[in-house]
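Trainee: The structure follows.
The values are calculated or read from the model by the stated rules, or taken from the named source; none is laboratory data. Treat the numbers as computed from the prediction; the structure is a model and nothing was measured. Quick reminder, even Gly has a Cβ in these numbers, built from the backbone with ideal geometry, and neighbours come from all protein chains shown. Surface areas here come from the heavy atoms of the whole protein model, side chains and all, with no ligands, DNA or RNA. Shrake-Rupley method; radii C 1.70, N 1.55, O 1.52, S 1.80 Å.
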Amino acid sequence: MKNTALFIILRRMRVPLLALIASYAVSMLGLVLIPGIEVDGRPQYLSFFHAFYIMTYTATTTGFGELPVPFSDAQRLWVTISLYISVVAWLYAIGALIMMLRDQALRQLIDLNRFAAQVKRLNEPFYIVCGYGDTGSVVGRSMIDCNMGAVAIDKNQDRLNELMLENLPVHVPHLCGDASLPSNLISAGLNHPQCRGVLALCEDDLVNLRIAITCRLLSPGLSVICRAQSHDTEANMHSFGTDAVINPFDTFADRLALALHSPDMHLIYEWLTGIPDAPLPERLHPPHGTWVVCGYGRFGKAVQRYLEFEGVPMVIVESDPEKTEAPKNVIIGRGTEAVTLRAANIEKAVGIVAGTDDDANNLSIIVTARELNSKLFLVARQNDNENDAVFQAARLDLVMQRARAISRRILAIITAPLLTDFLRLMRHQKTEWAQGLIEYMRPLLGGVTPVLWTVAITEEETPAVEKSLQTGVNLSMSLLLLDPHDRDQRLQAMALMMKRGKEEHLLPEDDMELKPGDKILFCGCKGMAALQHRTLFSPNVVHYLVSGETIPDGTIWRWFAHRGG
């Protein structure tokens with residue numbers, strides 16, 4: 001590709017360069033053939049070297065005078081003519097070069113070459129983020145905060161300009177182009193050894209589908225996570241083995257239904273899927289009774305489906321019931337008018353969901369409904385991230401924001417693959433189990449959302465622990481939760497789940513023995529994973545935590561310790 005850009009440049013500059021070379025050649029030939037002032041009756045001729053030297057300072061209008069000897073009148077006339085010829089040739093060449101650099105196609109090719117070179121130099125694991133809109137930018141920033149690399153592709157240059165203006169701690173290589181084109185994905189590092197996966201987050205479902213198919217065919221072992229807003233596309237993506245497909249409407253509707261079903265389970269979900277180191281969310285108490293759902297698009301249908309599963313009675317408000325295929329008993333209207341909400345018996349409802357695709361209408365629905373019934377539980381859909389301040393000022397109980405809903409799911413999948421299994425198993429537990437877990441976690445986390453990480457007992461990821469197990473030493477779960485500097489202190493962390501083959505253990509006990517191949521999901525405060533990392537990789541730390549004896553690190557310190565003993 002780099003050679004292609006160079007070939008195009010040389011091809012477009014062929015005529016200007018030939019004109020420049022011809023002007024120099026003719027001028028030099030004239031200077032060599034025209035005789036100079038006679039000395040001792042013999043005419044003096046310039047060599048080709050002197051002719052080139054004279055043309056060099058003449059064409060650049062430097063003007064060093066007549067060198068190496070004074071010129072004859074014929075030579076002076078020819079130098080004058082050569083000066084104008086060379087100036088015209090240079091102006092033509094420079095003008096052609098400027099015109100070529102302003103060519104949009106060539107600039108895109110140069111940008112693509114520069115982007116591919118930046119990606120090629122990456123030596124840390126990274127993900128390819130396809131689509132850097134509201135969702136992609138939130139995901140990208142969150143990944144950088146979690147010390148993960150990212151490469152961005154988007155068709156909109158304005159979005160990439162915003163990326164360049166962001167004060168990110170690391171550089172994010174980016175390309176303005178169609179992410180569904182295989183050539184762009186390859187340039188973005190699809191076959192790069194450090195590439196860990198592809199996130200297809202474009203606004204068009206078909207584009208995301210093409211990205212998923214391309215990745216599955218060109219790099220089958222790569223993790224692919226897609227966003228899909230329709231169930232047809234979602235099913236299609238699942239059919240060829242896409243690792244995860246996230247539907248933001250279903251995700252949020254599921255959260256709302258979980259909050260209605262079990263506020264404690266919902267609180268744990270919020271804590272574990274929140275952005276790390278953010279303030280801990282408080283428990284929601286959505287009331288049970290009749291709800292009003294305004295807007296029967298994809299979001300409204302998802303809310304209806306999940307709330308119906310929980311047995312919640314609803315009244316649907318929709319302005320275009322034929323287009324959205326709304327139920328027969330729907331209240332026709334947008335919900336922004338008091339008369340429509342009164343027709344939906346808003347005075348007797350306990351909650352309202354403003355779920356249209358227009359932020360202004362959603363806020364208008366909320367304000368009108370609050371005037372008619374001040375005790376309503378207020379839920380609204382926010383379509384644009386730029387309206388954050390307005391939605392915060394509206395004092396809503398719950399806000400559905402697609403970008404945040406998707407980014408939290410993606411981060412959970414990337415950083416802690418076992419979290420999905422943990423949340424699935426958690427739903428089968430009783431309320432008392434959730435309340436007990438909350439009471440245990442609250443003082444442990446210190447008021448901020450936890451960091452999640454997964455540990456696999458393998459030779460590559462936990463060499464010190466694996467080595468001890470191979471030598472017959474019994475190690476328990478508590479070993480991984482001890483401070484490597486003081487074994488009498490525990491880390492501010494806990495084990496949420498252990499997976500051993502097909503066995504799944506929620507909240508494994510401290511005395512549970514570790515075995516090779518175990519996968520453990522941990523959560524804890526910031527910095528705890530780094531401390532645990534010392535235990536996983538240092539045999540001396542494992543020995544100290546098991547026996548209480550310290551072994552100096554390094555040959556010299558061990559030699560001093562031996563002599564001291």
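Trainee: From the list K348, K323, which residue is modelled with pLDDT of 90 or more and open to solvent by 30 Å² or more (accessible area, probe 1.4 Å)?
Mentor: Step by step, each of K348, K323 is checked, and only K348 is modelled with pLDDT of 90 or more and open to solvent by 30 Å² or more (accessible area, probe 1.4 Å).
Trainee: Can F49 be described as at pLDDT 80 or above and farther than 30 Å from R227 by Cβ? Give the steps one after another, and end with the answer.
Mentor: On the way: at pLDDT 80 or above: yes; farther than 30 Å from R227 by Cβ: yes.
Considered against the rule, which asks whether it is at pLDDT 80 or above and farther than 30 Å from R227 by Cβ, F49 comes out as yes.
So that you can scan it fast, the table gives a plain yes or no per residue for (1) open to solvent by 30 Å² or more (accessible area, probe 1.4 Å); (2) modelled with pLDDT under 90; (3) assigned to a helix (DSSP H, G or I):
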| residue | (1), (2), (3) |
| --- | --- |
| Q118 | yes, no, yes |
| I128 | no, no, no |
| L163 | no, yes, yes |
| P169 | yes, yes, no |
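Trainee: Still on this structure: Determine the pairs where a residue that is closer than 16 Å to L77 by Cβ and of a type in the set (G, A, S), located within region 34-46, has a partner that is open to solvent by less than 70 Å² (accessible area, probe 1.4 Å) and in a loop (DSSP other than H, G, I, E, B) with Cβ atoms under 7 Å apart, the partner being 6 or more residues away or on another chain.
Mentor: The qualifying pairs are G36/P43; G36/L46; G36/F71; G36/S72.
Trainee: With (1) closer than 17 Å to A394 by Cβ; (2) open to solvent by 50 Å² or more (accessible area, probe 1.4 Å); (3) touching a residue at least 12 places away in the same chain (Cβ under 8 Å); (4) not aromatic (F, W, Y) as the list, and I332 as the residue in question, which single condition is left unmet?
Mentor: For I332, the failing item is (1).
Trainee: Looking only at region 44-61, filter to residues that are touching a helix residue (DSSP H, G or I) at 6+ places or on another chain (Cβ under 8 Å) and surrounded by fewer than 13 Cβ atoms within 10 Å (Cβ to Cβ); which one of those is nearest to R12 (Cα to Cα)?
Mentor: By that ranking, first place goes to T61.
Trainee: Among L363, L284, L267, which is the only one that is closer than 30 Å to C523 by Cβ and at pLDDT 90 or above?
Mentor: Answer to the selection: L267.
Trainee: Given the options Y269, Y306, name the one that is within 21 Å of L418 (Cα to Cα) and not β-branched (V, I, T).
Mentor: The match here is Y269.
Trainee: Evaluate the following for L444: is it out of contact with any His (no Cβ under 9 Å at 6 or more places or on another chain), assigned to a strand (DSSP E or B) and under 25 Å from F537 (Cβ atoms)?
Mentor: On the way: out of contact with any His (no Cβ under 9 Å at 6 or more places or on another chain): yes; assigned to a strand (DSSP E or B): no; under 25 Å from F537 (Cβ atoms): yes.
So L444 fails the test.
Trainee: Quick one: in region 508-528, of everything that is within 20 Å of A278 (Cβ to Cβ) and touching a residue at least 40 places away in the same chain (Cβ under 8 Å), which residue is surrounded by the most Cβ atoms within 10 Å (Cβ to Cβ)?
Mentor: If we take residues in region 508-528 being within 20 Å of A278 (Cβ to Cβ) and touching a residue at least 40 places away in the same chain (Cβ under 8 Å), then C523 is surrounded by the most Cβ atoms within 10 Å (Cβ to Cβ).
Trainee: Residue pairs, Cβ under 8 Å, 6 or more apart or interchain, first in region 362-374 and aliphatic (A, V, I, L, M), second surrounded by fewer than 17 Cβ atoms within 10 Å (Cβ to Cβ). List them.
Mentor: L363/V390; L372/A338; L372/R342; L372/E347
Trainee: For region 435-456, state whether one or more residues are open to solvent by 10 Å² or more (accessible area, probe 1.4 Å), in contact with a Pro (Cβ under 7 Å, 6 or more places away or on another chain) and of a type in the set (G, A, S).
Mentor: So far as region 435-456 goes, yes, one or more of its residues are open to solvent by 10 Å² or more (accessible area, probe 1.4 Å), in contact with a Pro (Cβ under 7 Å, 6 or more places away or on another chain) and of a type in the set (G, A, S).
Trainee: Of the numbered conditions (1) over 25 Å from I413 (Cα atoms); (2) without any contact (Cβ under 8 Å) to a residue 40 or more places away in the chain; (3) surrounded by 13 or more Cβ atoms within 10 Å (Cβ to Cβ), A96 fails exactly one; give the number of that condition.
Mentor: If we test A96 against (1) over 25 Å from I413 (Cα atoms); (2) without any contact (Cβ under 8 Å) to a residue 40 or more places away in the chain; (3) surrounded by 13 or more Cβ atoms within 10 Å (Cβ to Cβ), just (2) comes out false.
Trainee: While we're here: Just to check your reading of the model, which residue among F422, F377 is farther than 30 Å from L531 by Cβ, aromatic (F, W, Y) and either modelled with pLDDT of 90 or more or open to solvent by 50 Å² or more (accessible area, probe 1.4 Å) (or both)?
Mentor: F377
Trainee: Residues that are open to solvent by less than 10 Å² (accessible area, probe 1.4 Å), more than 22 Å from D277 (Cβ to Cβ), assigned to a helix (DSSP H, G or I) and out of contact with any helix residue (DSSP H, G or I) (no Cβ under 7 Å at 6 or more places or on another chain): does region 149-160 have at least one?
Mentor: yes
Trainee: Identify, please: which residue in region 135-148 is touching a Pro at 6+ places or on another chain (Cβ under 9 Å) and open to solvent by 20 Å² or more (accessible area, probe 1.4 Å) and is, among those, modelled with the highest pLDDT?
Mentor: Looking at the filtered set, the residue picked out is M148.
Trainee: Enumerate the pairs (first residue in region 244-265 and touching a residue at least 12 places away in the same chain (Cβ under 8 Å); second residue anywhere and among the β-branched types (V, I, T) and open to solvent by 10 Å² or more (accessible area, probe 1.4 Å)) with beta-carbon separation below 7 Å, excluding pairs fewer than 6 apart on the same chain, so at least 6 apart or on different chains.
Mentor: Once the first residue is touching a residue at least 12 places away in the same chain (Cβ under 8 Å) and sits in region 244-265, its partners that are among the β-branched types (V, I, T) and open to solvent by 10 Å² or more (accessible area, probe 1.4 Å) give A244/I413; L260/V312; S262/T431; D264/T431.
Trainee: Being within 60 Å of the chain's Cα centre (by Cα) and either modelled with pLDDT under 80 or of a type in the set (S, T, N, Q) (or both) narrows it down to one residue among I9, I21; which is it?
Mentor: It is I9.
Trainee: For region 62-82, which positions are open to solvent by 50 Å² or more (accessible area, probe 1.4 Å) and under 60 Å from the mean Cα position of the chain (by Cα)? So that I can check it myself, show each step before the final result.
Mentor: To start, the set of residues in region 62-82 that are open to solvent by 50 Å² or more (accessible area, probe 1.4 Å) comprises 62-64, 66-70, 73-74, 76-78, 80-81.
Matches in region 62-82: T62, G63, F64.
Trainee: Grab the helices (runs of 4 or more DSSP H) fully contained in region 358-439, keeping just those with 1 or more residues being among the aliphatic types (A, V, I, L, M) and closer than 18 Å to L256 by Cβ.
Mentor: Correct list: 359-372, 402-415, 419-426.
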